[in-house]
Each structure stands twice: as C-alpha cells, then as structure tokens.
Amino acid sequence: MTDPRRPDGERPDDQILAVAVTVTRTGGIAGLRRTWRAQPDAAESAQWIALIDGCPWDAADPARPMTPHGADRFVWHVDARCGESAREAALADPEVQGPWRDLID
C-alpha cells in the first residue's frame, strides 16, 4: 500500500486514511459463508495499517489455484482497503497463521 508518511515515519495529521478490512470464511461442515468487516476509527488506523502491511499479500494471490487441505476446512478471503489502495488474498485454512491470523483476529 502506498503510505504517504513523512521521512520520520509519521503520517501528517491532515492525511488520515480510511481503513477497512473484510474477511469472508467459507466451507466447514455445513459449507456456510460468514463475512465480517472492521472499519477502525482514525485513532486506530495506524495499528490496522501495520497489521495489513505485515501480511504476505503476494503469496496469497486470490487468482492462484487452491489445493484442497482436507474435508470440512475453511477458505478465507481477505480484502483490505487503505485510502485508495486495495489488496485481496485467498487463503486455505492452514495458511491462516502468523500475520494473517493477527489481521483476521
């Protein structure tokens, strides 16, 4: 994501970005779809941007083929928006760990 920070790493007060994360989980025993969304206020945006930036987005391209990892497992779709920038990921259940687990939780 493009992050218009000053050289000292801080964001100017007049450049507060709208941040939103949407997670959709499908699969499981009943094959149900569950979606939830987080849209933090300006005071929490920096923390959420750090969570978003910490995820390996290139390794979770939603267009890549997903190998089945057993019966009744979940597939996770993550959509993160920060200002005008957007990222998407598709994850098999075993991939939801580390920075992905932190963001989803």
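The values are calculated or read from the model by the stated rules, or taken from the named source; none is laboratory data. Source: prediction; values computed, not measured. Cβ sites come from the backbone with ideal geometry, for glycine too, and all protein chains shown count toward neighbours. Calculation scope for accessible area: heavy atoms of the full protein, side chains included, ligands and nucleic acids excluded. Shrake-Rupley method; radii C 1.70, N 1.55, O 1.52, S 1.80 Å.
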Expressed as a percent, the accessible surface of segment 63-105 that is carbon or sulfur, using a 1.4 Å probe and the full set of protein chains, is 48
Mean accessible area per residue over segment 30-98 (1.4 angstrom probe, all protein chains present, square angstrom) is 64
Heavy-atom accessible area with a 1.4 angstrom probe orders Asp72, Asp53, most exposed first, as Asp72, Asp53
Two pseudo-spin positions, 7 Å from Cα along C-beta at Arg101 and at Glu84, lie apart in nanometres by 3.7
